[in-house]
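These notes are about the structure you will find just below.
The values are calculated or read from the model by the stated rules, or taken from the named source; none is laboratory data. None of these values were measured; they are calculated from a predicted model. Neighbour counts run over all protein chains shown; Cβ positions are idealised from the backbone, glycine included.
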Amino acid sequence: MPSVDLSSPKVSEMWKPNRRASRISQTIVKFITGLFAFVSVMTTIGIILTLIFETIAFFEEVSIFHFLTDTKWTPLFSSAQFGIFVLISATVLTSGIAILVAMPLGLMIAICLSEYASPRARSILKPMLEVLAGVPSVVFGYFALLFVTPLLQKFIPGLQGFNALSAGLVLGIMITPIVASLSEDAIFAVPRSLKDGSYALGATKRETILSIVLPAALSGIVSAVILAISRAIGETMTVTLAAGQNPRLGLNPLVPVMTMTAFIVQVSLGDTPAGSLAYKTIYAVGMTLFLITLGLNVFSFWFVRRFREKYE
Amino acid sequence: MTPQNPISLDAQGRESRFDANLDRRYLFDKIFVSLTWVAIAIAIAVLAALLFDVLTDGLAMFDWQFITSFPSRKPERAGILSALAGSVWLLGLVALFAFPLGVGAGIYLEEFSTDNWFTRLIEININNLAGVPSIIYGLLGLQVFVRWLGPITGGRSLLTGSLTISLLILPIIIVATREALRAVPDSIRLAGYALGATRWQVVRTHVLPNAIAGILTGAILGLSRAIGETAALITIGALTFISFLPEGPQSPFTVLPIQVFNWVGRPQKEFHDIAASGIILLMIVLLTMNSVAIILRNKFQRRI
């Protein structure tokens, strides 16, 4: 075999690895990108700290007892009352209606797309759902206020111009794509062998889906629904535009209500100097909102861990 | 006909103790399939109704004059120029901040990091951030960028808005980047290492060029989220009525969805109609961005 003399001057001139420079650039890039990744942690820390600081400042002026037990929400009046459950009840109402719409609708869509639709139909329907998912919330607010409410008023006499019902219904349509696409992923992950086993025992397709596929995909479906609920709770523009700005305790869907997010928008639209009570109030409301969505996320995380079926 | 052997069926398949009752079960199957299609039909019908409603209300006022005029108290003279300019500015600045940050973080997590506590912390954190409502980011921006960094950002300015929105869409871009990087086959990396390249050299010369279409797709989808975002920007104090163009990053601003929100919130029917015109413009911008993303995605899928 012809051998190459690596130590000959000609070859070593051609091959000049600058290992030091390579290693330094590698270290620098790794450090910088690591720093970028750390920005996300900083964001979380920033969110938690700002919420905590302003909320503490809020509770120095308003007792936590009043915050939890007052039955009115009138922070901008001279005789201010801070019953957070007034806002929470509105949020629960709108997102409750929303999930009553989105859960059956989204789940049925997911089943249809993953089990029944032909690849051709899928390739048309999925982009349409993606368009629906991409519509900005202010557009849904417009639609709820100026299309759905007038339409519903023809059938429901007592329905007011601003109401939780149409806001909730439209919110439901808005989060349906989330339920549908995440549930579809979960259903898609169920192995074929499970279904084949069910068919071999003589089950029909519907029986297989309802008693084999859905239970096997349960953890994914539940986390999809929970994510959709937390999206509905944090959603702002639709409920601000269509549900109104009237803080009211109760679960009547026909009258105007004010959700937590709508309150933050109402205060933000006015001129609120930093350090004023109104400024601190939006952080206390934001903290409540954050804790509720965080609680849902933690629950979903736990549920998936606990009930996930592993195949392979 | 007495069923000696319960499993065996007779000629009709009905008389034995093993009663499959197939007709009824298949009937339920048919009903079930129809219901799933009804669900899809409802979703699409709502989308169609929404688009139809917006188009019938908004097309009359949607013309060149609408795009090139400033907002006005008179609906027939009102336009959307300042909001459009604000949205374009915001989009540019968000892309400038969020793209390098998100792609860099994605590269770190996918290519450089080992499975240690720092990586796991960031991963859990990104999952959590995706579930935080956008209005909470607005509260963060109000406190940090408006109040603390006010002298740098100019207070309730474009810079504040774009920094806030960048943080909001960062998880989307990071997740998309990671998925795109994961789709690059490991053999390419191993070949690079075998030739003595460092991880960064392999990423720069081979992994990134292969993943760039997927990364761009994710980035555009993130940016289209930024275009429609309203709540966080209202919270940091973007204005709802301005009749001048933003002059720089420290200028006050408004964006398309906020302008639409302002018009929808007014009592007069005429303002509702120009709100619909504004929505048409917003949807055109969004659909354009999404089609670019879809074209990129298709190109990307063909290559690997």
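Which condition number in (1) outside any helix (DSSP H, G or I); (2) buried (at least 23 other Cβ atoms within 10 Å of the Cβ); (3) among the polar types (S, T, N, Q) is the one that B:S277 fails?
(1)
If a residue counts only when it is of a type in the set (G, A, S), which helices (runs of 4 or more DSSP H) contained entirely in the stretch A:66-166 have at least 3 such residues?
A:84-111, A:119-134
What about B:V46, is it at the interface with chain A (Cβ under 9 Å from one of its Cβ atoms) and buried (at least 19 other Cβ atoms within 10 Å of the Cβ)?
yes
Across the stretch B:16-48, what is the total count of residues that are part of a helix (DSSP H, G or I), over 19 Å from A:Y199 (Cβ atoms) and over 30 Å from the mean Cα position of the chain (by Cα)?
Summing the residues that are part of a helix (DSSP H, G or I), over 19 Å from A:Y199 (Cβ atoms) and over 30 Å from the mean Cα position of the chain (by Cα) in the stretch B:16-48 gives 2.
I'm trying to understand the selection: among the residues of the stretch A:125-155, which are closer than 27 Å to A:E115 by Cβ and within 9 Å of another protein chain (Cβ to nearest Cβ)?
A:L125, A:P127, A:M128, A:L129, A:E130, A:V131, A:L132, A:G134, A:V135
Just name the residue that is surrounded by the fewest Cβ atoms within 10 Å (Cβ to Cβ) out of those in the stretch B:49-88 that are outside any loop (DSSP other than H, G, I, E, B), among the charged types (D, E, K, R) and in the same structural domain as B:A238 (by TED's automatic domain parsing).
Per the criteria, the residue is B:E76.
State which residue is farthest from B:A197 (Cα to Cα) when the search covers only the stretch A:22-50 and only residues that are at the interface with another protein chain (Cβ under 7 Å from one of its Cβ atoms) and of a type in the set (A, V, I, L, M).
A:I47
Being modelled with pLDDT of 85 or more, assigned by TED's automatic domain parsing to the domain that holds B:L245 and over 16 Å from B:G218 (Cα atoms) is the requirement here; does B:L101 meet it?
It is false that B:L101 is modelled with pLDDT of 85 or more, assigned by TED's automatic domain parsing to the domain that holds B:L245 and over 16 Å from B:G218 (Cα atoms).
If a residue counts only when it is away from chain B (no Cβ under 13 Å), which helices (runs of 4 or more DSSP H) contained entirely in the stretch A:195-294 have at least 1 such residues?
In the stretch A:195-294, the matching helices (runs of 4 or more DSSP H) lie at A:218-234.
Let me spell it out: the conditions are (1) modelled with pLDDT of 85 or more; (2) more than 30 Å from B:G248 (Cβ to Cβ); (3) within 8 Å of chain A (Cβ to nearest Cβ), and B:I124 meets all of them except one. Which number is the exception?
Unmet for B:I124, out of (1) modelled with pLDDT of 85 or more; (2) more than 30 Å from B:G248 (Cβ to Cβ); (3) within 8 Å of chain A (Cβ to nearest Cβ): (3).
Listed here are the residues, each with its yes/no results for (1) surrounded by 15 or more Cβ atoms within 10 Å (Cβ to Cβ); (2) under 19 Å from the mean Cα position of the chain (by Cα).
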position: A:F58; (1), (2): yes, no
position: A:E61; (1), (2): no, no
position: A:F67; (1), (2): yes, no
position: A:D70; (1), (2): yes, no
position: A:W73; (1), (2): yes, no
position: A:L93; (1), (2): yes, yes
position: A:C112; (1), (2): yes, no
position: A:S118; (1), (2): no, no
position: A:F140; (1), (2): yes, yes
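Among the residues of the stretch A:166-188, what is the count of those that are more than 14 Å from the chain's Cα centre (by Cα), more than 18 Å from A:F140 (Cβ to Cβ) and of a type outside the set (D, E)?
Here the count works out to 4.
If the requirement is being under 19 Å from the mean Cα position of the chain (by Cα) and of a type outside the set (A, V, I, L, M), which of these qualifies: B:S291, B:S243?
Going through B:S291, B:S243 in turn, the sole match is B:S291.
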